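Chemist: Here it is, the structure in full.
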Amino acid sequence: MTALLSIRDLTIDYAGHVQAVRGANLDVHLGEAVGLVGESGSGKSTLASAITGLLPIGARILGGDIAFKNESVTSGRKQAQQILRGDEIAMVFQDPMTAFNPVLTIGDQLVDFQSRMPGKAREKYARAVAMLARVGIPDPALRANSYPHEMSGGMRQRAAIAAALLVNPSLLIADEPTTALDVTMEAQIIHLFRELRQDYGGGILIVTHHLGVVAELCDRVYVMYRGEVVEEGAVDDIFHEPRHPYTRALLACDPARLHERAGYLPVITDAERATFMQARPR
Amino acid sequence: MLAYTIKRIGLGLLILIGVMFAMYAAVFIVPGNPARAALGPRATQEMIDRLTREMGLDQPYLVQVYNFFVNVLSGNLGIDVISNRPVATEIWEVLPNTLILCLVGLGWATLLAIPLGCLAVLKRGTWVDRAASLLSVSVISLPYYVVAIYALLIFAVQLNWLPAIGDGDPGDIGSQIRALILPAFAIGFTWVGYLARLVRASMLDVMGEPHIRTARAFGVPEWKIVTKYGLRIALIPTLSLLAVSLGGLISSAVFVEVIFSRPGIGKLVTAAVNLRNYPVVMGTVLVMTGIYVTLTIAADLLIARIDPRIRDAFRGA
């Protein structure tokens, strides 16, 4: 099976002195959901935004290659990544509060987001309303005519997912899709993703620091630490037999996996961190 | 929204009433008897006393303000002590001239400044951005009266392309437009730099917001992101600052009208001040305040029109 997305030896630095991503390898195949986990600052979001060329100002790719459907998008013309956006690749962002323009209606924006799709504005609007219904937004015709601030956080994240699905992408990248939501909303969004996977044939890359999300949604997982992919494998394997000490430490910190009541939530200590650096990536 | 509009208009009326009190206080404080000034040096004390009575200047302060207020309500701004014509008529004759000058002056500046500000953001960090910044700052630091005098010297006196004074021949639109070019240029000149910098700064703010990233991630064309997603939000702070600085626009119109000897409110009020022609001064100041208040309200309503969040906040107000 050839990879839909294939990242090889990718290195990205910020302003020339911080290497946010170091020699990372990552593959996503059609029909598969891949998790990318790590703590804050591990470089997972930087890696995800590099795929569509949306790196923040100051960040640049030092080496390595990103290939989409066997064609390199980083070497060669700059437009290669831009053409993928909103067509082959769609993104769902972390904070639904700020992901939509505050002075335009949701429907208006969902029409614009289909800029790469054929059809008249009226058809796109109808498609947007239907998709809002599909992601479980009640009264979608009314909601399409609402402004972002008139909707709840959970509803906006549903709308963001609707936006991504509207362009029928081969690859869906969700950057911390549940991080800004409360626990109830998070459960609902995870449920929605599971439901949508049943008739979505493309690949999904979910960037998160929440291991529960990975366990619920993903087939395979990559673990990042300090800009490096330290471990990669099937979700079941990694959850049951983590090989890298960082993965073990990360799993030990997940409150959902605690077997007995603890006085404090577990953390990764500095002494532990010292051991991670000696461990080789697997 | 309606409640908000009514509230804003009510506040505007309060400002106008406040201005009336302040103007009458000024008559009492500023030296020089208006009646004596109006009658000239050869007037007898008897004549001066009679005119003072006629003008109501012997009445107590509050009574004078009250009389003025009642007169204003019925559209009567008093009588010009020199020409003996109603002040309202005199203002009405020249008001369109001033309004057109302000509108055209601010208009061309806005039409140039908004694209300039957007261009600077699109080409951020390049020589285009730096050139636009340099241009803006140098333009801001030139006062409009300097611009007006140099424009007059160069284009009217030296090159003789455009008329130096007046507002054109009555009925001849062509000559009226030609007479409008230099004053409107002088008024708008500073605004180009001011507005371009405002638009650039607000655009930079907006273009860094996450929703712009979303639009980019969906491949929305960059020109559409700038004009529809960016500019709409960037215009909100620009408009509010614009509303605050409209007073400066009106006062610059006063100077420019004097320099170009162009009939208008500004010309009227400066002549009236020199002659201690109080009814005209008060009438004009009141009308200018009225214009200022109206434009500020208009800007506020426009902002609420653009930003649904502000609209909703006012729904309860």
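Chemist: By how many nm would the segment from B:Ser240 to B:Val273 lengthen if fully extended, with 0.36 nm per residue of separation less the alpha-carbon distance?
Modeler: Numbers: separation 33, 0.36 × 33 = 11.88 nm, distance 3.18 nm.
In short, 8.7 nm is gained.
Chemist: How much mean residue ellipticity at 222 nm does chain B get from its helices, if each DSSP H run of length 4 or more adds -39500 (n - 2.57) and you divide by all residues, to the nearest 500 deg cm²/dmol?
Modeler: -24500 deg cm²/dmol
Chemist: Let me ask another. Using only the Cα atoms, work out Rg/Rh for the stretch A:1-152, with Rh taken as the Kirkwood radius, to two decimals.
Modeler: The Rg/Rh ratio comes out at 1.02.
Chemist: Okay, moving on. Determine the equivalent ellipsoid of chain A by diagonalising the alpha-carbon gyration tensor, then write out the semi-axes as square roots of 5 times the eigenvalues, largest first, rounded to whole Å.
Modeler: 32, 24, 17
Chemist: Turning to a different aspect of this structure: Run down the lysines and flag those whose C-alpha is under 24 Å from the C-alpha of B:Lys224, throwing out any fewer than 8 positions away in its chain.
Modeler: List returned: A:Lys78, A:Lys120, A:Lys124, B:Lys123.
Chemist: By a straight-distance test (C-alpha under 19 Å), which aspartates and glutamates pair with B:Lys228 as possible cross-link partners, with residues fewer than eight away in the same chain excluded?
Modeler: Here the aspartates and glutamates satisfying the reach criterion relative to B:Lys228 are A:Asp108, A:Asp112, B:Asp205, B:Glu209, B:Asp307.
Chemist: In chain B, which helices (entire DSSP H runs) extend 27 Å or more along their own long axis, judged by Cα positions, while averaging at least 0.5 on the Kyte-Doolittle scale?
Modeler: Passing helices, by number: B:2-29, B:87-122, B:173-207, B:278-306.
Chemist: Positive end of the dipole of chain B, charges at C-beta (+1 Lys, Arg; -1 Asp, Glu), about the Cα centre: which of B:Ala43, B:Asn160, B:Val192 has its Cα farthest in that direction?
Modeler: Final value for the positive-end residue is B:Val192.
Chemist: Something else: Please report the Cα spread of the protein assembly as shown along all three principal axes, rounded to whole Å, starting with the longest.
Modeler: 113, 57, 53
Chemist: Let's see if you can work this out: charge +1 on each Lys and Arg Cβ, -1 on each Asp and Glu Cβ, no other charges. What is the dipole magnitude of the stretch A:1-82 about its Cα centre, in debye to the nearest 20?
Modeler: 240 debye
Chemist: Moving to a separate point now. Restricting to chain A, what percent of DSSP beta bridges are antiparallel, rounded to 5?
Modeler: Around 55 percent of the beta bridges assigned by DSSP in chain A are antiparallel ones.
Chemist: Still on this structure, please answer the following. Starting from the eigenvalues of the Cα gyration tensor, five times each then square-rooted, give me the equivalent ellipsoid semi-axes of the stretch B:37-158, largest first, whole Å. Before the final figure, lay out the partial values.
Modeler: Details: eigenvalues 499, 76, 40 Å².
Here the semi-axes work out to 50, 19, 14 Å.
Chemist: Here's something else I'd like to know. Stick to the Cα atoms of the stretch B:88-307, pair each with every other, and give me the Kirkwood hydrodynamic radius in Å at one decimal. Show your work: numbers first, answer last.
Modeler: On the way: mean 1/r = 0.0528 Å⁻¹.
With all distinct Cα pairs of the stretch B:88-307 included, I get 19.0 Å.
Chemist: With point charges of +1 on the Cβ of Lys and Arg and -1 on the Cβ of Asp and Glu, referenced to the Cα centre of the stretch B:2-73, which listed residue (B:Pro34, B:Leu11, B:Pro60) lies farthest in the positive direction of the dipole?
Modeler: B:Leu11
Chemist: Can you pull the semi-axes for the stretch B:2-73, root of five times each eigenvalue of the Cα gyration tensor, sorted largest first, whole Å?
Modeler: Calculated on Cα positions only, the semi-axes equal 34, 11, 9 Å.
Chemist: Sort B:Lys228, B:Lys123 so that the residue with the fewest other Cβ atoms within 10 Å of its own Cβ comes first and the one with the most comes last. List each step's numbers first, then the result.
Modeler: Working: B:Lys228 19, B:Lys123 14.
The fewest-first ordering by Cβ neighbours comes to B:Lys123, B:Lys228.
Chemist: If each residue's Cβ is checked for other Cβ atoms within 10 Å, how do B:Met203, A:Met155, B:Met23 rank with the fewest at the top?
Modeler: Details: B:Met203 24, A:Met155 21, B:Met23 18.
With the fewest neighbours first, B:Met203, A:Met155, B:Met23 line up as B:Met23, A:Met155, B:Met203.
Chemist: Provide the convex hull volume over Cα atoms per residue for the stretch B:191-317, in Å³.
Modeler: 126 Å³
Chemist: Give me D for the stretch B:138-246 in µm² s⁻¹, whole number, from Stokes-Einstein with Rh from the Kirkwood sum over alpha-carbon pairs, 4 °C and 1.567 mPa s.
Modeler: 77 µm²/s
Chemist: Let me ask something else about it. Determine the sum of side-chain charges near B:Pro263: Lys and Arg each +1, Asp and Glu each -1, restricted to other residues whose C-beta is under 13 angstrom from that of B:Pro263.
Modeler: -3
Chemist: Would you mind ranking A:Thr105, A:Thr46 by Cβ crowding within 10 Å, fewest neighbours first?
Modeler: The fewest-first ordering by Cβ neighbours comes to A:Thr105, A:Thr46.
Chemist: In addition: With N denoting the number of residues in the stretch A:193-250, provide Rg(C-alpha) divided by 2.2 N^0.38 Å, to two decimal places.
Modeler: The value comes to 1.18.
Chemist: Where the only charges are on Cβ atoms (+1 Lys, Arg; -1 Asp, Glu), what is the dipole of chain B about its Cα centre, to the nearest 20 debye?
Modeler: 1100 debye
Chemist: Calculate the spin-label point distance for B:Met1 paired with B:Leu99, positioning each point 7 Å from the Cα along the beta-carbon direction, and give it in nanometres.
Modeler: So the two model labels end up 2.4 nm from each other.
Chemist: Would you calculate the separation in nanometres between label points at A:Leu30 and B:Val63, each defined as 7 Å from the Cα along the Cα-to-beta-carbon direction?
Modeler: Between A:Leu30 and B:Val63, the label points sit 9.7 nm apart.
Chemist: Does the stretch A:98-155 come out rounded, prolate or oblate, given a ≥ b ≥ c as the square roots of the eigenvalues of its C-alpha gyration tensor, rounded meaning a/c under 1.5 and, failing that, prolate meaning a/b above b/c?
Modeler: In terms of gyration-tensor shape, oblate.
Chemist: Run the Debye formula on the Cα coordinates of the stretch A:17-101, all scatterers equal and no solvent, and tell me log10 I(q)/I(0) at q = 0.21 1/Å.
Modeler: -1.28
Every read-out reported here was derived from the displayed coordinates using simple, explicitly stated rules and does not represent laboratory data. Since we're looking at a predicted model, the values are computed, not measured. Note: ideal-geometry Cβ built from the backbone for every residue, glycine included; neighbour counts use all protein chains shown.
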